[in-house]
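Heads up: the structure comes next, in structure tokens.
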Amino acid sequence: MKILVQLTILFTICLVGQLIAGLLPIPVPGSVISMVILLLLLLFRLLKPVHIQETAEFLLKNMAFFFVPAGVQILEKYTFLQGHVLVFALICIVTTLLTFLVTALTVTGVIKLQEKFQNRGVSHDGSHQ
């Protein structure tokens with residue numbers, strides 16, 4: 001039952017992100033909006049990691065499984081890609097490197113924000129203000 005509740009929380013956040021994306025005048029993926037919502041909920045402690053931890057860990061451990069449909073789609077379009085394999089490979093390499101870079105910068109920024117929030121209530125001598 002606990003996992004069902006956690007899935008409901010995550011899917012509700014995804015649904016809200018999709019709804020917001022549909023209302024925006026600019027094309028922003030609903031998944032990106034959902035991740036921002038999740039980040040804000042966690043940062044402002046409206047949602048605690050323990051509320052979604054088990055399901056999030058399961059999804060992360062099995063993430064490769066979710067890329068199977070995309071891989072199948074690429075194989076189905078192989079005839080279209082035949083003359084552009086090098087360009088496609090270059091695009092994959094560049095976007096992978098950019099994703100790693102942005103992820104590293106985001107994680108670093110979130111860690112700094114968390115440290116800032118944690119240290120806000122503690123003075124230099126270690127006592128709480």
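The values are calculated or read from the model by the stated rules, or taken from the named source; none is laboratory data. Fair warning: this is a prediction, and the values are worked out from it, not measured in the lab. Every residue, glycine among them, receives a Cβ derived from its backbone with ideal geometry; neighbour counts consider all protein chains shown. Accessible surface is based on the protein model in full, side chains and every heavy atom, while ligands, DNA and RNA are left aside. Shrake-Rupley method; radii C 1.70, N 1.55, O 1.52, S 1.80 Å.
A compact table of results
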| read-out | value |
| --- | --- |
| Looking only at segment 25-34, and only at residues there that are open to solvent by less than 80 Å² (accessible area, probe 1.4 Å) and hydrophobic (A, V, I, L, M, F, W, C), the one that is farthest from I3 (Cα to Cα) | V28 |
| Subset tally (residues that are among the β-branched types (V, I, T), surrounded by 10 or more Cβ atoms within 10 Å (Cβ to Cβ) and farther than 16 Å from V5 by Cα) for segment 35-71 | 2 |
| Qualifying residue in segment 79-98 (condition: over 14 Å from the mean Cα position of the chain (by Cα) and under 26 Å from E115 (Cα atoms)) | yes |
| Conditions (1) surrounded by 10 or more Cβ atoms within 10 Å (Cβ to Cβ); (2) within 30 Å of Q118 (Cβ to Cβ); (3) not charged (D, E, K, R): number failed by I74 | (2) |
